[in-house]
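The values are calculated or read from the model by the stated rules, or taken from the named source; none is laboratory data. Source: prediction; values computed, not measured. As a convention, Cβ positions derive from the backbone with ideal geometry for all residues, glycine included, and neighbour counts pool all protein chains shown.
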Amino acid sequence: MADIRSAAESVFREESGRIIAGLIRICGSFDRPEEAMQESFAAALASWPIKGIPANPAGWIMTAAHRKLIDAARRERTRLEKQDSLKYETQIAGSASYAQTEEAFMDFPDDRLRLIFTCCHPALNVEAQVALTLRTLGGLSTPEIAKSFLLPEPTLAQRLVRAKRKIQEARIPYEVPPQDRLPERLASVQAVIYLIFNEGYAASSGTELVRNELCAEAIRLGRVLCELLPREAENTGLLALMLLQHSRRDARVLNGELVTLEEQDRSLWDRGAISEGLMLVEKALSLGPAGPYQLQAAVAALHAETANSDDTDWPQIAALYEKLLEMNPSPVIALNHAVAVAMNGRLEAGLNRIEALGRSRQLDRYYLFHAARADLLRRLNQNSDAAAAYQKAAALATNRVEVDFLNRRLRQLKRD
Amino acid sequence: MRYMMLVYSTEGPDGLAGAEAQRIYEGHWKVMEEATRKGVLVGAEPLAPTSTATTVRVQNGEALVTDGPFAETKEHLAGYYIMECENLDEAIEWAVKIPTACQGSEGCIEIRPMRWQSSRAEPEAIAENVASLNG
């Protein structure tokens, strides 16, 4: 019966975003649709092993969830605020048949857009945005999300409860933002999706470096965003960036050990993801002036296109980071730029830039700063300074695999 | 639903002065006028500067009265608005128009939903609202 369960899970993953979005539109709250979905999932697990997987699983789920909503409304009738139950009764009264459900639930593309923008509303804190997006759009269960972020389940559950309460109490509207607010609101959505990707790509803690399911989920959300807002170039840029980074997943860890980009076996890179990523980079650039995600995707594309790390087009990469710096003079981007300069045959120049960044103290607690500095010092044979920097980096890194890598570099230095 | 917008500003010890003050007041007047015209303004008041503030605490039945605001912060409560808005986004649009800049520094607006909807806070209405919070 594990088969049925995983079939049910995959249908729910695929469809629940769409279905929940429609349910929220109809009943005007986040809580009840979610409960209804959970109950229909349980009902599917009870019924499908016996009756078989329905011909139209999405339709089955919609009808079941709809029925649960009506039942819940009847049970709560006395307790609901007058406003809510009125809205409820007028829209749902009597429409329990499949055909009527179909109509009520017609896939309004706006529904999922509303859902994404509401989940990623800036009035919610970022952790809440991430949790809510994964729960409603991603269709992940609370235990699944908790596990992905290595958080105790009750913590995650609380986060969701508080987020939904804030939406209700502060009346965060279930709406697509107006045109003039769209740029900043879209940036929030993109940031959440990329955050989810990064959590999977370079897990911030734990013993695994990569959590592929999170990356895959972020990519899926990125596709939905592109589907819903195809003319926003940065959506395509973001998807391209994630696909290109994700293409390297099988080469990044060998026998439990981290392998740097330079040393990776490129034959293990996912060619399908790369060709899609490259195509999307071009498409994004044709849609409009390049934004930060497109630029980062272009950098990733340059790596992806190169069969041999020695042939990497570092001058072009450095130029792209310069453009990125103009848009966003963040110290992390400056760090990446410095590394590109160094790799472009100008190790000393790169190191000087890194030392200048170090003097600003902004990256003191950032382990990758110390790791990058250590790496350049090592290449310049300044071994004792390199060792000190590797030690600092290892002390600040939180993922086991990365810590081990840094310690290995340290041991190699001590042997020389 | 009603929202209170708490206006936080940096200010000098005697509050606003001169041309800066004039600019700020005109900004507030514009917002109040537009909000009134649209029928959403419930109230708005500036507060006298923090140099006029007094803080009261009660400890063991004794009243402890001290000079100044309850905490020394860079930004102080300068005034408030109460507006009737459909949802948070509408409240945010109004908050964006409210001037907070003061002597060159920026302040901010804190938006808080107001829980009790009835305009006259009668005992039964309050009890009902409290009960619905627990529901």
Inset, instruction - Answer with yes or no whether A:ILE219 is touching a His at 6+ places or on another chain (Cβ under 7 Å) and either surrounded by fewer than 17 Cβ atoms within 10 Å (Cβ to Cβ) or of a type outside the set (Lys, Arg) (or both). - result: yes
Inset, instruction - Could you please find all residues in segment B:23-59 being outside any strand (DSSP E or B) and closer than 15 Å to B:LEU6 by Cα? - result: B:HIS28, B:VAL31, B:MET32, B:LEU47, B:ALA48, B:PRO49, B:THR50
Inset, instruction - Report, by residue number, each residue of segment A:153-185 that is within 14 Å of chain B (Cβ to nearest Cβ), among the aliphatic types (A, V, I, L, M) and part of a helix (DSSP H, G or I). - result: A:ALA163, A:ILE167, A:LEU182
Inset, instruction - Pairs only if they're at least six apart or on different chains, beta carbon under 6 angstrom, first in segment A:1-28 and in a helix (DSSP H, G or I), second at pLDDT 80 or above and of a type in the set (S, T, N, Q); list them, first residue then second. - result: A:ILE20/A:THR136
Legend entry - Selection count where residues are within 14 Å of chain A (Cβ to nearest Cβ) and part of a strand (DSSP E or B), scope segment B:67-96: 2
Legend entry - Selection from segment A:344-388 of residues that are hydrophobic (A, V, I, L, M, F, W, C) and assigned to a loop (DSSP other than H, G, I, E, B): A:LEU363, A:LEU380
Inset, instruction - Sort through A:LYS82, A:LYS87 and tell me the only one that's at pLDDT below 85, surrounded by fewer than 21 Cβ atoms within 10 Å (Cβ to Cβ) and away from every other protein chain (no Cβ under 14 Å). - result: A:LYS87
Inset, instruction - Kindly provide the set of residues from segment A:235-261 that are part of a helix (DSSP H, G or I) and charged (D, E, K, R), ordered by number. - result: A:ARG249, A:ASP250, A:ARG252
Legend entry - A:LEU140 vs. criteria under 18 Å from the mean Cα position of the chain (by Cα), buried (at least 22 other Cβ atoms within 10 Å of the Cβ) and in contact (Cβ under 8 Å) with a residue 60 or more places away in the chain: yes
